[in-house]
Amino acid sequence: MLTLLALPLALLSQQQGIAQRLAGRVSPNVAALVEQLATAGAARGLPSDPLIQKAIEGGAKSIPDDRVAAAVRLVAMQLDIAAAALREGGPVSDTLAITAGAFALTAGLSASDITALARVGASAQALTVGLRVAGTLAALGVPSAEDIGLVSTTLRSGQPAESLLLLPAHVQSAVAKGSTPAAAAAGLSRAAAAQARQGPPPGHGEHPPHPTPPPHPTPPPHP
Amino acid sequence: MRPGAEPKDGDIVRAVLAGEPERYAVLVNRYRDRYARYAARMLGSADAAEDAVQDAFVRAYDQLAQCQQPDNFVGWFFLILRNRCFAERRRSRAEAPLEAADSVAAADRTDGGAETAERRRALQLALMELTPDQREVFVLKHVEGLSYGQIAERLSTSIPSLKMRMHRAYDRLREQLREHT
Amino acid sequence: MSGYDFHPLVKQLLDGDLTLADLPVELRAEGEEALRLLTAVDRRPVELPAVTQRVMQTLASRPAPAAPLPPVPAWKRVMQPREIRLRIRPWILAPALAIAAALMLWIWPATLATPKPPSLVTVRFVLVAPDAREVSLAGTFNQWDAHATPLVRTGSTGVWTATLTLPAGQHQYAFVVDGERWVPDPGAPAVDDGFGRRNSVLTL
């Protein structure tokens, strides 16, 4: 079958691309490790870019080889976990979404948080932005429940990606005015939920709706 | 294997041993919470459970080549975690399970209220006074909901000996709860 | 046997082999006490989300588990290679930096004056560093090259700036002060870089 023939050729040219990007920036040992992990990962549909980026970063920061190797392995694990978490939420195998999921893990979110966002059912592109924003919010100190609640409400409201991208800045300015990250996120959730209902009906004076509760992770099954 | 299918435990174990160690993370994620409750009730707190589960995963990784049935990784992992839970007892007898009270109390504001929290705490404290074997059979049956047959299979022991352990556990629990009420 | 022991029939009740109605009348009270004991059992699920990250970090620095070697015939003498375990200390960057807090300034898409294709965004980076001799910007957008993007010092107040046009997406970066000190942007969200430091995050 053509696809079977094409795969090894694609991997070969990908390997050459990786070697070029790493040449002169990382040691040969690290380069070999990255190529190995990238090839194995690509066969499972995982992106290689995050591995390459992390290796280059380590080289630029003059980090010893063994620490760079450990960091690259960590990224490889995160990509695996992110991919599994996304699959659990729906048929998503978009490499940008997987990269964004791995970033969310770095920022402190969990695999179930990623699955919860995937379950919202947004497009791959919106989900990717959602995951990036969720990770960024976590990096700002928003606890995961408020974080996922806010991002999923915004995703569900069907607004364009720009509204997601503005969330971190809104949280930062609320925090600068004295709010906690959690409270800031909760306030934005209420606003997003209100906007999802397209504002108050022409009779106004209505209470804003209750914020959408964050999705509860499913309890583990009996062993 | 087509991309997108969920890999089986055995496939992941074999892949790790064949030179893809980063794949192990999928197993960690898959089973991280499976025995968390068992560990928490055995050790008295979620914090202790976290340490035990973490240590068990690391040990399982180190000894992965000794896993006889890769397709039953989870059963093998349970035994490693079990050993780790039993070892904990020898480490820190002095530590009272204060975290049990805190973690129970924090969550109980919404379900059951203060009285339920207090009773849960009392029972957990009483459980910590049992031998680990007695506590374990109680936890597996009354927390995890396994039958005596399932427990016997998992621990490679007989149902009558389990019942003997359990019945002693019932008596000791009653004694502890009466003494401290 | 102390007076505390449950009656054997009550123990069968606890095991689930009998119901309360099966007990003789004089044991009902004890049976109810026993069942009440069971209602205090904490069956709530326990989640340990931190375990994944902590295990992953521990394993990332460990040698891979070795597949079992094929059995060696008794008549062959083979020196098995010994596994050398590296103990790796987490790198802790000395926090003493004589750099004042930077002003956070991003220009996000909604406030752009100049129209640009939707996939590019102009961003201004700022660091307040009165004592620095040079400051540059390194990140995923320039291969972390500490020499590629110098900041320019404006005026005499120690404010360093650079303006870049970047593709939409996610970027990580840090400032490099005097060619050797890597400093995250104090005004931006930060994540672990995997090397003991923090990177700043830019989500466009």
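The values are calculated or read from the model by the stated rules, or taken from the named source; none is laboratory data. Predicted model, so just to flag it, every value in this text is computed and none were measured. Heads up, the Cβs are rebuilt from the backbone with ideal geometry, glycines too, and the neighbour counts pull from every protein chain shown.
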With criteria (1) assigned to a loop (DSSP other than H, G, I, E, B); (2) within 11 Å of another protein chain (Cβ to nearest Cβ), A:ALA122 comes up short on (2)
Matching residues in the range C:157-172 (facing chain A (nearest Cβ under 9 Å) and not hydrophobic (A, V, I, L, M, F, W, C)) number 3
Verdict on A:ILE98 being at negative phi and at pLDDT 95 or above
yes
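Yes/no matrix, rows are residues, columns are (1) in a helix (DSSP H, G or I); (2) at pLDDT 90 or above; (3) closer than 30 Å to A:ILE81 by Cα; (4) over 41 Å from the mean Cα position of the chain (by Cα):
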| residue | (1), (2), (3), (4) |
| --- | --- |
| C:LYS11 | yes, yes, no, yes |
| C:GLU26 | yes, yes, no, yes |
| C:GLU32 | yes, yes, no, yes |
| C:GLN53 | yes, no, yes, no |
| C:ALA67 | no, no, yes, no |
| C:PRO71 | no, no, no, yes |
| C:ALA74 | no, no, no, yes |
| C:ARG82 | no, no, no, no |
| C:ARG85 | no, no, yes, no |
Checked A:LEU165, A:LEU117 against criteria (assigned to a helix (DSSP H, G or I), facing another protein chain (nearest Cβ under 9 Å) and buried (at least 18 other Cβ atoms within 10 Å of the Cβ)); the one match is A:LEU165
If I filter the range B:52-66 for residues that are more than 8 Å from chain A (Cβ to nearest Cβ) and in contact (Cβ under 8 Å) with a residue 60 or more places away in the chain, do I get at least one hit?
no
> Quick one: would you say A:PRO217 is at pLDDT below 80, surrounded by 13 or more Cβ atoms within 10 Å (Cβ to Cβ) and under 21 Å from A:ILE114 (Cα atoms)?
Replying inline: yes
Residues of the range C:173-198 being more than 8 Å from chain A (Cβ to nearest Cβ) and in contact with a strand residue (DSSP E or B) (Cβ under 6 Å, 6 or more places away or on another chain), in sequence order, are C:TYR173, C:ALA174, C:PHE175, C:VAL176, C:VAL177, C:VAL183, C:PRO184, C:ASP185, C:ALA188, C:ARG198
message = Is it the case, given these coordinates, that A:GLY158 is more than 30 Å from B:ASN29 (Cβ to Cβ) and outside any helix (DSSP H, G or I)?
response = yes
Result of the Cβ filter at 9 Å on the range B:144-169, keeping first residues that are in contact (Cβ under 8 Å) with a residue 60 or more places away in the chain and partners that are assigned to a loop (DSSP other than H, G, I, E, B), at least 6 apart or interchain, is B:GLU144/A:HIS222; B:GLU144/A:PRO223; B:GLU144/B:TYR35; B:GLU144/C:ARG43; B:ARG154/A:PRO223; B:ARG154/B:LEU146
* Check on A:ALA97, free of Cβ contacts under 8 Å to residues at least 60 places away in the same chain, crowded, with 23+ Cβ neighbours inside 10 Å, over 27 Å from C:VAL176 (Cα atoms) and not hydroxyl-bearing (Ser, Thr, Tyr) -> yes
(Q) Going by what's in this entry, would A:ALA60 be described as within 8 Å of chain C (Cβ to nearest Cβ), surrounded by fewer than 24 Cβ atoms within 10 Å (Cβ to Cβ) and not hydroxyl-bearing (Ser, Thr, Tyr)? (A) yes
Within the range A:81-111, the residues that are more than 7 Å from every other protein chain (Cβ to nearest Cβ), under 11 Å from the mean Cα position of the chain (by Cα) and not in a helix (DSSP H, G or I) are A:GLY108, A:LEU109
For C:ALA102, the lone unmet condition from (1) at pLDDT below 90; (2) in contact with a Pro (Cβ under 6 Å, 6 or more places away or on another chain); (3) in a strand (DSSP E or B) is (3)
Residue set C:VAL176, C:VAL201, C:VAL191, C:VAL159; condition over 23 Å from the mean Cα position of the chain (by Cα) and closer than 19 Å to A:ALA55 by Cα; output residue C:VAL176
Scanning the range C:142-163 residue by residue, those in a strand (DSSP E or B) and not β-branched (Val, Ile, Thr) turn out to be C:PRO150, C:ARG153, C:TRP160, C:ALA162
Those residues of the range A:63-74 which are surrounded by fewer than 21 Cβ atoms within 10 Å (Cβ to Cβ) and more than 8 Å from chain C (Cβ to nearest Cβ) amount to A:PRO64, A:ASP65
Being among the hydroxyl-bearing types (Ser, Thr, Tyr) and over 16 Å from A:SER189 (Cα atoms) narrows A:THR153, A:THR106 down to just A:THR106
Checked C:VAL176, C:VAL191 against criteria (closer than 17 Å to C:ALA129 by Cβ, among the β-branched types (Val, Ile, Thr) and not in a loop (DSSP other than H, G, I, E, B)); the one match is C:VAL176
The range B:1-54: helices (runs of 4 or more DSSP H) wholly inside it with 3 or more residues that are buried (at least 23 other Cβ atoms within 10 Å of the Cβ) are B:24-31, B:36-43
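One line per residue, one yes/no per condition, for (1) closer than 22 Å to B:PHE77 by Cα; (2) facing another protein chain (nearest Cβ under 9 Å); (3) of a type in the set (Lys, Arg); (4) not in a helix (DSSP H, G or I):
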| site | (1), (2), (3), (4) |
| --- | --- |
| B:LYS141 | yes, yes, yes, no |
| B:ILE151 | yes, no, no, no |
| B:MET166 | no, yes, no, no |
| B:ARG172 | no, yes, yes, no |
When every residue in the range C:1-57 that is more than 10 Å from chain A (Cβ to nearest Cβ) and of a type in the set (Ser, Thr, Tyr) is compared, the one farthest from B:LEU27 (Cα to Cα) is C:SER2
